[in-house]
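Participant: Sharing a structure, written as structure tokens. Questions coming.
The values are calculated or read from the model by the stated rules, or taken from the named source; none is laboratory data. In this text the structure is predicted, and so the values were computed from the model without any measurement. Glycine gets a Cβ as well: all are built from the backbone with ideal geometry, and neighbour counts include every protein chain shown. Note: accessible area is taken over every heavy atom of the protein model, side chains too, but ligands, DNA and RNA are not part of it. Shrake-Rupley method; radii C 1.70, N 1.55, O 1.52, S 1.80 Å.
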Amino acid sequence: MSDAIDWVVDVETTLEEAGGLAAEVVDWLVSEGIILRSTRENMWQRGPLYEPGPCAEQWSVQVIRQVDQCGLEVVCERKVFHTGDNGLQGFRCPKCSAQHEPDALPWSDAVGAWFEAKPDYILTCPACNNGSPITVWHFLELEWGFGNLGFGFNNWSITGRLATAIADVLGHRHRLVHEHI
């Protein structure tokens, strides 16, 4: 069996802010009945999973409660939130909107530089010759996210409304990333 994770990635939070903001969002999710304060073990060993609450379905497309790995995990570390087995179809330049195949760009170098907090995570578009940070390029068909704070809904397909509500609590821009493991 495979797992799917919908990540709400805060693309603006610093690493120093991540823990405090994570606690605020967890408190809000508990107050809305979307999650319970209780947790279960996460088989991926990335921290505990908060169990779905009584109102989880109101904010979701599907919650697979009968699966042990159903719940919310919170990640407070520098991370590239990617699509996993969903693959990478290509990129769209944020300046000219030209689309490029993955093999046409040195994108993995830019991703690695961002992850290592190096300043050279710029990707240059062959069509317009403009360079932009990898973090603002559009990933096709499914987005990737770069950040220090992420909320992963494991085996729990959320609505865009929930992603937007979490971003509103944070007061930051976000990306919704669909990962398949």
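Participant: If I ignore ligands, DNA and RNA and count only protein heavy atoms, how much of Cys76 is accessible to a 1.4 Å probe, in Å² to the nearest 10?
Facilitator: 60 Å²
Participant: For the range 86-133, what log10 I(q)/I(0) values come out of the Debye formula at q = 0.14, 0.16, 0.18, 0.20 1/Å, with one point per alpha carbon and no solvent?
Facilitator: Once normalised to I(0) and log-transformed, intensities are -0.33, -0.43, -0.54, -0.66.
Participant: A further question follows. How big, in percent, is the set of alpha carbon pairs in the range 16-85 lying more than 16 Å apart?
Facilitator: The proportion of pairs with Cα distances above 16 Å equals 54 percent.
Participant: Keeping all protein chains in place, calculate the accessible area per residue for the range 35-119 (probe 1.4 angstrom), answer in Å².
Facilitator: Result: 57 Å² per residue.
Participant: Can you find, among Met43, Pro94, Ala113, the residue sitting farthest towards the positive end of the charge dipole of the range 29-139, where Lys and Arg contribute +1 and Asp and Glu -1 at Cβ?
Facilitator: About the Cα centre, the residue reaching furthest to the positive side is Pro94.
Participant: Could you work out Rg/(2.2 N^0.38 Å) for the range 85-181, with Rg from alpha carbons only?
Facilitator: In units of the 2.2 N^0.38 Å rule of thumb, it is 1.16.
Participant: For the chain, take the longest principal axis of its alpha carbons; what is the angle in degrees between that and the long axis of helix 160-170, to the nearest 10 within 0 to 90?
Facilitator: Roughly 90 degrees between the two axes.
Participant: Pop out the carbon and sulfur fraction of the accessible area of the chain as a percent, whole number, probe 1.4 Å.
Facilitator: 48 percent
Participant: Could you tell me the accessible area of Lys118 in Å² (1.4 Å probe, neighbours in place), rounded to the nearest ten?
Facilitator: Rounded to the nearest 10, the figure is 100 Å².
Participant: Which whole-number percent is the relative contact order of the chain (Cα, under 8 Å, 6+ apart)? Show your work: numbers first, answer last.
Facilitator: Values: 387 pairs, mean separation 72.7, N = 181.
The normalised contact order for the chain reaches 40 percent.
Participant: Ok, one more. Excluding ligands and nucleic acids, what accessible area in Å² is computed for Leu49 using a 1.4 Å probe, to the nearest 10?
Facilitator: 0 Å²
Participant: Can you give me the pair-distance distribution of the chain, C-alpha pairs, 5 Å bins, whole percents?
Facilitator: 1, 8, 16, 20, 19, 14, 10, 7, 3, 1, 0
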